[in-house]
C-alpha cells in the first residue's frame, strides 16, 4: 500500500546534495519498490507532474513523472537517468513542489533524450519536448542538487494574468492527475 511522504522544502540539505547512483540490485528490494509507489502517491497527492527522490529526503538517482496527457507521457519511473541528447533552447515558467507558491522564468533545452532504467531494471529512453522535456530537465536537476530557483530569473508569486494562467495550467494538470489517482484507488 503506497504512502504519502513529506515533500521537503528549499533549505533542507538533502535538496542540495548530488544524489547517489542506484545499485540496480536495489530494484529487487521490496522497500525500494515501496519507495517508488510512495513517490507516485506523493506526487499525485501534491498534486504534481514529477517528483525526484531527494524531494522525499532520499538521496538516490530516481524520479517519477506522469503528465497524464494524450501523448502518453507517463507514468514513468527513471532510475539512474542521464541525458544522451540536448538540443535547442526555450523559455520556461516553472514552479516546484519543494518551493511552494513561487514561479520563475528560466531557459531549458527544447529537446532532450533521457536514458535510464525502469523499476524492473529494463533500459528505457524517453524523448522529451515541450512540458515533458522541461519536466525531465527539472527532475534531473533535483538529482544534481539544483533547484529551478538556482537558474531562474524573476522568482515571484504568481500575480499577473499570464503568471496566473501558467500556474493554473500546472494546477489543472495536477488536478487531473489527482482525479486519475482517486479513480485508480477506487477501482483497486
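For residue 182, work out the one condition from (1) in a loop (DSSP other than H, G, I, E, B); (2) at pLDDT below 95; (3) closer than 30 Å to residue 26 by Cα it doesn't fulfil.
(1)
Hey, residue 55 hits all of (1) touching a helix residue (DSSP H, G or I) at 6+ places or on another chain (Cβ under 8 Å); (2) part of a strand (DSSP E or B) but one; which does it fall short on?
Here residue 55 meets the rest and fails (2).
When only residues in the range 27-38 that are touching a residue at least 12 places away in the same chain (Cβ under 8 Å) and surrounded by 14 or more Cβ atoms within 10 Å (Cβ to Cβ) count, which is nearest to residue 121 (Cα to Cα)?
Selected residue: 27.
Mind listing whichever residues of the range 9-21 are crowded, with 18+ Cβ neighbours inside 10 Å and part of a loop (DSSP other than H, G, I, E, B)?
Of everything in the range 9-21, just one residue is crowded, with 18+ Cβ neighbours inside 10 Å and part of a loop (DSSP other than H, G, I, E, B), namely 19.
What's the number of the only condition in (1) out of contact with any strand residue (DSSP E or B) (no Cβ under 8 Å at 6 or more places or on another chain); (2) at pLDDT 95 or above that residue 65 fails to meet?
Exception for residue 65: condition (1).
Given the criteria in contact with a helix residue (DSSP H, G or I) (Cβ under 9 Å, 6 or more places away or on another chain) and either at pLDDT 95 or above or closer than 21 Å to residue 120 by Cα (or both), does residue 24 qualify?
no
Going by the conditions given, is residue 78 modelled with pLDDT of 95 or more and in a strand (DSSP E or B)?
yes
Within the range 99-126, track down each residue that is closer than 26 Å to residue 27 by Cα and in contact with a helix residue (DSSP H, G or I) (Cβ under 8 Å, 6 or more places away or on another chain).
112, 114, 117, 119, 120, 121, 126
Which is touching a residue at least 40 places away in the same chain (Cβ under 8 Å), in a strand (DSSP E or B), under 17 Å from the mean Cα position of the chain (by Cα) and closer than 20 Å to residue 61 by Cβ, of 103, 124, 93?
Exactly one of 103, 124, 93 is touching a residue at least 40 places away in the same chain (Cβ under 8 Å), in a strand (DSSP E or B), under 17 Å from the mean Cα position of the chain (by Cα) and closer than 20 Å to residue 61 by Cβ, namely 124.
What residue, of 88, 104, 116, is at pLDDT 95 or above, more than 19 Å from residue 54 (Cα to Cα) and crowded, with 20+ Cβ neighbours inside 10 Å?
Criteria check complete, one pass: 104.
The values are calculated or read from the model by the stated rules, or taken from the named source; none is laboratory data. Given the structure is predicted, the values throughout are model-derived calculations rather than measurements. When we count neighbours, we look across all protein chains shown, and the Cβ atoms used for this are built from the backbone with ideal geometry, even at glycine.
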